[in-house]
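The values are calculated or read from the model by the stated rules, or taken from the named source; none is laboratory data. All of these numbers come straight from a predicted model, not from anything done at the bench. Backbone-built Cβ (ideal geometry, glycine too); neighbour counts: all protein chains shown. The protein model used for the area step is the full one, side chains on, heavy atoms only, and it has no ligands, DNA or RNA in it. Shrake-Rupley method; radii C 1.70, N 1.55, O 1.52, S 1.80 Å.
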Amino acid sequence: MNFIKIFAPATVANVSCGFDSMGFAVENVGDEMTFRKTSQKGIEITEISGTKGLSLDPTQNVAGVVALAMLEKHPADFGIEITMHKGFSPGSGLGSSAASASGAAYGVNQLLGAPFSNLELTKFAMLGEKAACGTAIADNVAAAVFGGFVLIRSYQPLDIVKLPVPDQLRLVAIHPQIEVKTKDARDVLPTEVSLKKAVTQWANVGGLVSGLYSNNYDLISNSLTDVIVEPARKHLIPHFDLVKSAAIKAGALGAGISGSGPTIFAICKGDVVAQKVANAIDATYSNTNIDFNVFTSKINTEGVKTLIAS
Ligand code: HSE
C-alpha cells in the first residue's frame with residue numbers, strides 16, 4: 001500500500017457519568033486524512049483544510065506527533081506525507097484532536113503494514129491528546145479507534161472494553177460556536193469528591209454499561225446523570241440548563257456536556273424522537289445571540305476506517 005485515505009470520527013467523551021472513562025463515536029461527523037509514502041524519510045504535513053490555526057509543523061500538530069512516535073517505534077525506509085481535512089472545529093468538545101490523533105495512528109499503521117493492535121494505536125493517539133491539552137486522555141481516542149461505545153477500564157495498564165450499541169440509540173448534538181479549551185475545562189474540576197457523590201457516579205456507570213448490554217433504554221436513561229463534572233463545568237456553556245431540560249422534555253433519554261464542551265449531547269431512542277429533540281434544542285438556542293449548529297447521528301460502530309487505499 002502506497003496511499004490511503006481515511007475517515008476519523010468525531011466522538012462524545014464522558015457520556016455524563018463516565019468522566020475520562022467512557023466515550024462513543026459519531027457516524028456522520030469527522031475528519032478525512034490522506035497518507036502517502038514518500039522517498040524522503042520522516043513526516044511531512046502538506047495541507048490542512050476545514051479549519052484555521054493548526055500547524056503544519058509535525059512536532060506541533062497532534063497528527064504529526066503521533067506519526068513521529070510511530071516511526072520512532074517502527075522505523076521505515078520511507079517517509080509519509082499527510083493531508084488533513086477537518087470536518088469539525090477544534091475546541092468543540094467533539095474530540096477534534098482525538099480524530100486527528102487516531103486518524104494518524106490508523107493511517108500510518110496501514111502504510112507500515114499494520115504492525116500495531118488497536119490498543120497500541122490508542123496509546124499512540126493518546127500522545128496526541130497529551131500534546132493537545134497536557135493530559136493523555138483515552139476516552140475520545142479509544143472511541144475513535146475502536147468505534148461504538150468504549151469503557152476505559154484502566155489507564156495503568158491501559159485496558160479498553162468495547163461495549164455493545166443498542167440499535168435505536170441516536171445522538172443529537174448542539175455545537176454553540178464558542179470555544180472551550182479542554183485545559184480550561186479541566187482546571188475548573190474538583191480535585192476531591194465526597195464518597196456520597198462517588199457512590200452515585202460509579203453506580204450510574206454500572207447502570208449505563210448494563211443498559212447498553214441489555215438494550216434497556218430506561219436503564220440507560222436513568223444512568224445518564226453526572227453529579228461531579230457537569231455541575232463544575234456547566235457555567236462554561238451558555239444556556240446549558242435550558243438546552244438540557246428542553247431535550248429531556250422532548251423525549252431524550254438524557255443529555256449532558258460532550259467531552260469538555262461546549263457541545264451539548266442528547267441521547268435518544270429512535271429517529272422520530274431524535275428529530276423532535278433536535279427541533280426543541282434548535283428552538284431553544286434560536287432565542288440566544290450565539291451561532292450554533294445542531295445535528296443528529298447514529299452511533300458509529302466501526303471507528304476510524306479506510307475510504308480509499310492503493
Ligand atoms: N474526558 C475529557 C474531559 C475529554 O472531559 O476533559 C476531553 O477531551
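Averaged per residue, the range 169-298 has 47 square angstrom of accessible surface, using a 1.4 angstrom probe with ligands and nucleic acids left out. Magnitude of the charge dipole for the chain, about its Cα centre and with charges confined to Cβ atoms of Lys, Arg (+1) and Asp, Glu (-1), is about 280 debye.
Estimated purely from DSSP H runs of n ≥ 4, each contributing -39500 (n - 2.57), the mean residue ellipticity at 222 nm for the chain is -11500 deg cm²/dmol once divided by its residues.
For the range 55-136, the relative contact order comes to 38 percent (Cα pairs under 8 Å, sequence separation of at least 6).
Where the only charges are on Cβ atoms (+1 Lys, Arg; -1 Asp, Glu), what is the dipole of the range 169-298 about its Cα centre, to the nearest 20 debye?
Magnitude of the dipole: close to 200 debye.
Think of a 1.4 Å ball rolled over the protein heavy atoms: the range 16-93 then has 45 Å² of accessible area per residue. Spacing of the modelled spin labels on residue 28 and residue 117, each 7 Å from Cα toward Cβ, amounts to 3.6 nm.
Among the listed pairs 5/249; 249/298; 86/197, those with a Cα-Cα distance over 32 Å are 5/249; 86/197.
The packing ranking, built from the mean of other Cβ atoms within 10 Å per residue, places the peptides 7-14, 139-146 in the order 139-146, 7-14, highest first.
Entry note, the range 169-298: relative contact order of 40 percent, from Cα contacts under 8 Å with a spacing of 6+ residues.
Residue 74 sits with roughly 60 Å² accessible to a 1.4 Å probe, with DNA, RNA and ligands left out of the calculation. Taking a Cβ cut-off of under 10 Å around residue 260, the surrounding Lys, Arg, Asp and Glu residues balance to a net charge of +3, with basic ones at +1 and acidic ones at -1. The packing ranking of peptides 278-287, 193-202, highest mean first, is 278-287, 193-202, where packing means the average number of other beta carbon atoms within 10 angstrom of each residue. Apolar share of the accessible surface for the range 45-170: 50 percent from carbon plus sulfur atoms, 1.4 Å probe. Taking a straight Cα-Cα cut-off under 16 Å and skipping sequence neighbours fewer than 8 places away in the same chain, the aspartates and glutamates within cross-link reach of residue 73 are 120. Each residue was assigned an accessible area with a 1.4 Å probe, and for residue 179 the value is about 110 Å².
Considering only DSSP beta bridges with both partners in the chain, what is the antiparallel share in %, to the nearest 5?
So the antiparallel bridges in the chain amount to around 85 percent.
Taking the Cα atoms of the chain, the ratio Rg/Rh between the radius of gyration and the Kirkwood radius comes to 0.97. Simple spin-label estimate for residue 203 and residue 44 gives 6.0 nm between the two label positions (7 Å along the Cα-to-Cβ direction from each Cα). Computed from the Cβ-Cβ distance with R0 of 45 Å, the FRET efficiency linking residue 298 to residue 184 stands at 0.90. Both the radius of gyration and Dmax for the range 169-298 are 14.8, 42 Å, in that order, over alpha-carbon atoms. Working ranking of peptides 93-106, 240-253 by packing, defined as the average number of other Cβ atoms within 10 Å per residue, highest first, is 93-106, 240-253. Here the contact order of the chain, divided by its residue count and restricted to Cα pairs under 8 Å and six or more residues apart, works out to 25 percent. In this simple spin-label model, placing a label point 7 Å from the Cα along the Cα-to-Cβ direction at both residue 60 and residue 288 gives a separation of 3.2 nm. Select from 287, 224, 175 the residue farthest towards the positive end of the dipole of the range 169-298; place +1 on Cβ of Lys and Arg, -1 on Cβ of Asp and Glu, and compute about the Cα centre. Highest projection toward the positive end goes to 224.
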